[in-house]
Amino acid sequence: MGTENPNPRNYPLRPAATPFASQQPSTPFLSSGPVVGSEAPVFRPGPPAASNFQAPPFSGGPLVGTEAPAFRVPTSNRSSEVVRPPPPPSSYGPPTSGFQSFPNPPMPSAGQVPPPHISITGRPVIAQPTRPPPVPASIFSQPQPPLVSMGSPPQSIKTGQPNPNIPPPADQHFSAPMPSSQPSSPPTGTSYASGRGIYPGYANMQPNSVSQAPPMQPASFQLQQGGGYAPRAPPTSLLAQQRGYVPVPPVSTPSGIYSGNQFQQHGIAPPVAAQQGLAEDFSSLSLGSIPGSFDAGLDITALPRPLDGDVKPKSSADMYQMNCNSRFLRLTTSGIPNSQSLASRWHLPIGAVVCPLAETPPGEEVPIVNFATGIIRCRRCRTYVNPYVTFTDNGRKWRCNICSLLNDVPSDYFAQVDASGRRVDLDQRPELINGSVEFIAPAEYMVRPPMPPLYFFLIDVSISAVKSGMLEVMSQTIRSCLDNLPGSTRTQIGFITYDSTIHFYNMKSSLPQPQMMVVSDLDDIFVPLPDDLLVNLSESRSVVEAFLDSLPSMFQENMNVESAFGPALKAAFMVMSQLGGKLLIFQNTLPSLGAGHLKLRGDDIRVYGTDKEHILRLPEDPFYKQMAADFTKYQIAINVYAFSDKYTDIASLGTLAKYTGGQVYYYPNFQASIHKEKLKHELSRDLTRETAWEAVMRIRCGKGVRFTSYHGNFMLRSTDLLALPAVDCDKAYAAQLSLEETLLTTQTVYFQVALLYTSSSGERRIRVHTAAAPVVNDLGEMYRLADTGAIISLFSRLAIEKTLSSKLEEARNGIQHRIVKALREYRNLYAVQHRLSGRMIYPESLKFLPLYGLALCKSLPLRGGYSDVQLDERSAAAYTMMALPVKSLLKLLYPNLVRVDEYLVKTAEFDTKTRLPLTVESLDTRGLYIFDDGFRFVVWFGKALSPDITKNLVGEDFATDFSKVSLSQRDNYVSRKIMEILNQYRKSDPSYFQLCHLVRQGDQPREGFFLLTSLVEDQTGGANGYADWMLLLYRQVQQNA
């Protein structure tokens, strides 16, 4: 996740089984109930009387969604030097006019005959019982209908029940569309070619590409009517299915005789029940193809893309205005199901993502409340007083919003209430008007005196640490941060270094310089001078500075290659166990001596794809998990900084961070000349950001629901108490919710997050976040209130955890299956009354869910197989993603791509919101682009970019290998402008430092490694592109729909 090796041994990519093949029999992870929608369709009109068929002439199983879904245009024979004109900015993303709402006309009464369908020419269309009408020749030149937004069904309609008020369509014979397929052999090409074109800057063969989409015109054609009789698709070759390179067969899906454009022309809407109070508009995407053509019928420009970044959830904030901000607590859906049966039909996770110490913008700080006589809490469920409690008996009692118990109001907290039940002193009580508040905890909340901020450094000083320059950069960074460490005069600090022996340092303030003590007995560790190894920073400041200044030169000639990491870890525990604190580990080599020594593994390629594959992602030695449990017990958090160009078993070392509430920083192939700024920034932030010490967290919720599982970096102390030795603003935690009762009787469910911690100033505090969510009895309302960011955040944690017990493919399939189930269930709500066969429909709130799901399957922890991602890199990315807040995770999955060459030569202000779709078609060979995923920058230079711009940015050696060139500010306008842009991005997301990598178009494998494999909309490494993925989901949704 940090910096990557630009010349890995894994290119070109070996063929990997496509992770998005047809559904596997394996059970998706933590499936939430039976697959709804696998029975007969909810509405199946009988065939017309004129038909001679008693049943379809063939019924050999589902005809869609079983082949490899990838759609690929044949490669072009044109010269690779063809230059495309830059695409206009307006051509990206879904067209603004594509979402339209249809009015809901009143239903005809039971005695009325449904009106005949009217064609474009105004004549009635007679349904053909056996074959669709011939298609006019002009149909091949017409684009598909755009995204259409239609009203949702009325609340009274229940899924699975035919609605008697809806007349059966006269032109529909079968409820399921029958596709026609044509075999094709996979085209050849490089592993970086996208599904819609090859390398950037090459001629584009897609007729409706992003950059050259034809204008939408009024539809003058009608899609195929009826079910149509199509032959069964012949099976494709195994190689084609594995690579995902089979062109998508034309799908003869019925869309009814009216296309979306015809509705717009004639003002005709499909009949729905005569209820106007619709819960939500949904969106639909036309996927119908042209019979006999190779065009899949999918307009790439119409695909939804999150080009505005993380969109705030459409929660019930209007209804519950005193909820805490969504930066602290996000629910996967703000509509809580009122029954277990309703919850079983919601195939997405029900839960929450909590970031208790999220950074707040200026002016929105969490208010601090100090009760002189004790914090007001419910005596039964221990809920803290909050804006949703109610006062009764003229203010003498208050009712808990979680458990409904009446509590007495203490005399010093009493205040009169007005006629509406509001306290007259409400404006002076922040805890009664703010969803987030921080209480000063009295003495009864302390098991021991508040601990001081404590930083202990465990440093590998073997030859690799010295030669790479890590030791010098780390020493300089720590020294520069001494003035900014939290805690002022209370802060404690200490150091241990190790190679084949362990080195302790006496930092007593009376010493002119530190004293080193070496322990070589690794089997029986003891701590010399235990009282002087941890010192007060303000008292021993000069000794600490002298140590940091001399540390690099002290081991400059060290040729030791061994690492006694396990014994050194035990020694650090013995020193820190009295106080607790934060342990920062700097590890350069594979632990080789003493307890916890590890061996090389992961080289056996035969293990991959078998049931033993997941063992490589588990810690090899239980020593590390046991040590993590001991550290947590004594309030010690661990952050692991790993630097190596060789295997260091991050899967084992990261366990220390996982169970102590820490995090993993990974710097593969670290070289100070390249990675200095990244390490300096991230270590500085780790040391100076505000930290909550010796913390515990609990999430309370209302009667009838409870949190059943928790996901993230922590140790679970009891069934619902999370032990967090150190917490900061960059950590988030996820939890899954379940219903305890068959039926919820309340109208609202309340949630309260409580974090008890010690501040760096020595105060014991309780940060409380409270939110309310309505209880709903309608599945459509749950979809309307869904939060894609929270869902994906939970999905990612569940999938990563599944990789620790299953194959990568099974984890990817689990994501795919649950998205399919959710979309199928949603389709069952709407498809009948709107007759939307041939269209993929999804709720507006989840329009980005398929794309984020695809991006998650292509992320480092889940991507491909053995040769796609190195084992350490995969494990480090997994540990990082398990702790990321929602906003950072979404940016990592769908990064920013912006074109900047036009801004560099103008005086106009740069707009960071002008983002492009992540596809090679967005890259113009004459442009300069910045790719930003929150962890790194990739600056892409097109082949035809102006040489003046390149020269101004990288100097006279702009024609040399870009792997040896760094981007730094030079004395010219263009260089200053691009550095301003990069710094603007870094300032907006300071959690990690984006190291800048320069890439020239066509420079392989560097271009593929840094950029092309990260363009998630393209077909890479055997995985689907975005369009193919949507077609695959559509086909699987159609099965048994």
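Observations on the model:
- Residues that are within 16 Å of G351 (Cα to Cα), within 25 Å of the chain's Cα centre (by Cα) and surrounded by 24 or more Cβ atoms within 10 Å (Cβ to Cβ) do occur in the range 738-752.
- Reported count of residues in the range 398-419, each being of a type in the set (K, R) and either in a helix (DSSP H, G or I) or exposed (fewer than 14 other Cβ atoms within 10 Å of the Cβ) (or both), is 0.
- The residue of the range 942-954 that is least open to solvent (accessible area, probe 1.4 Å), among those that are part of a loop (DSSP other than H, G, I, E, B) and without any contact (Cβ under 8 Å) to a residue 60 or more places away in the chain, is L945.
- Condition met for G934 (of a type outside the set (S, T, Y) and farther than 28 Å from R689 by Cα): no
- Condition broken by G1022, with the remaining ones in (1) assigned to a helix (DSSP H, G or I); (2) on the phi > 0 side of the Ramachandran plot satisfied: (1)
- Any hit, the range 1028-1036, residues being aromatic (F, W, Y), open to solvent by less than 30 Å² (accessible area, probe 1.4 Å), at pLDDT 85 or above and over 28 Å from Y866 (Cα atoms): yes
- Any chance P486 is modelled with pLDDT of 90 or more and in a loop (DSSP other than H, G, I, E, B): yes
- Residue within the range 690-700 that is closer than 27 Å to L405 by Cβ and in contact with a Cys (Cβ under 9 Å, 6 or more places away or on another chain) present: yes
- Put simply, of S592, S538 the only residue that is at pLDDT 90 or above, of a type in the set (S, T, Y), assigned to a loop (DSSP other than H, G, I, E, B) and closer than 22 Å to P452 by Cβ is S538.
- Looking only at residues in the range 992-1013 that are open to solvent by 20 Å² or more (accessible area, probe 1.4 Å) and out of contact with any strand residue (DSSP E or B) (no Cβ under 7 Å at 6 or more places or on another chain), the one that is nearest to L823 (Cα to Cα) is F1009.
- Of the residues making up the range 921-941, those that are touching an Asp or Glu at 6+ places or on another chain (Cβ under 6 Å) and more than 16 Å from L893 (Cα to Cα) are G927, L928.
- Pairs linking a residue in the range 1021-1033 that is under 19 Å from R818 (Cβ atoms) to a residue that is modelled with pLDDT of 90 or more and open to solvent by 10 Å² or more (accessible area, probe 1.4 Å), with Cβ atoms under 6 Å and 6 or more positions apart or on different chains, are A1023/K858.
- Long-range neighbours under 6 Å by Cβ, at least six apart or interchain, first residue over 17 Å from Q671 (Cα atoms) within the range 965-977, second among the small types (G, A, S) and at pLDDT 85 or above: Q969/S975
- Some residue of the range 1005-1017 being in a loop (DSSP other than H, G, I, E, B) and on the phi > 0 side of the Ramachandran plot: no
- Yes/no for T632 being of a type in the set (S, T, Y), over 21 Å from I463 (Cβ atoms) and open to solvent by 40 Å² or more (accessible area, probe 1.4 Å): no
- Filter result for T758 (in contact with a Pro (Cβ under 6 Å, 6 or more places away or on another chain) and over 27 Å from G309 (Cα atoms)): yes
- Check on S888, touching a residue at least 24 places away in the same chain (Cβ under 8 Å) and either open to solvent by less than 20 Å² (accessible area, probe 1.4 Å) or within 30 Å of G609 (Cβ to Cβ) (or both): no
- Exactly one residue among E438, E431 is part of a helix (DSSP H, G or I) and open to solvent by less than 70 Å² (accessible area, probe 1.4 Å), and that residue is E431.
- Filter result for E280 (open to solvent by 10 Å² or more (accessible area, probe 1.4 Å) and either modelled with pLDDT under 90 or touching a Lys or Arg at 6+ places or on another chain (Cβ under 6 Å) (or both)): yes
- Lone unmet requirement of (1) open to solvent by less than 40 Å² (accessible area, probe 1.4 Å); (2) closer than 30 Å to A637 by Cβ; (3) of a type outside the set (F, W, Y) for A443: (1)
- Flag: I585 matches the condition of being touching a residue at least 24 places away in the same chain (Cβ under 8 Å) and in contact with a strand residue (DSSP E or B) (Cβ under 7 Å, 6 or more places away or on another chain).
- Check on I699, open to solvent by 10 Å² or more (accessible area, probe 1.4 Å), β-branched (V, I, T) and in a helix (DSSP H, G or I): no
- Residue check for T648: β-branched (V, I, T), assigned to a loop (DSSP other than H, G, I, E, B), open to solvent by 20 Å² or more (accessible area, probe 1.4 Å) and within 23 Å of Q870 (Cβ to Cβ): no
- Qualifying residue in the range 508-523 (condition: in contact with a helix residue (DSSP H, G or I) (Cβ under 7 Å, 6 or more places away or on another chain), buried (at least 20 other Cβ atoms within 10 Å of the Cβ) and assigned to a loop (DSSP other than H, G, I, E, B)): yes
- Selection within the range 547-575 - surrounded by fewer than 17 Cβ atoms within 10 Å (Cβ to Cβ), among the hydrophobic types (A, V, I, L, M, F, W, C) and either over 11 Å from S462 (Cα atoms) or under 36 Å from the mean Cα position of the chain (by Cα) (or both): M574
- Looking only at the range 576-586, and only at residues there that are over 35 Å from the mean Cα position of the chain (by Cα) and farther than 24 Å from T648 by Cβ, the one that is most open to solvent (accessible area, probe 1.4 Å): Q578
- Filter result for L804 (at pLDDT below 95, touching a Gly at 6+ places or on another chain (Cβ under 6 Å) and open to solvent by 10 Å² or more (accessible area, probe 1.4 Å)): no
The values are calculated or read from the model by the stated rules, or taken from the named source; none is laboratory data. In this text, all values refer to a predicted model and were calculated from it rather than measured experimentally. Cβ: placed from backbone, ideal geometry, glycine included. Neighbour counts: every protein chain shown. The protein model used for the area step is the full one, side chains on, heavy atoms only, and it has no ligands, DNA or RNA in it. Shrake-Rupley method; radii C 1.70, N 1.55, O 1.52, S 1.80 Å.
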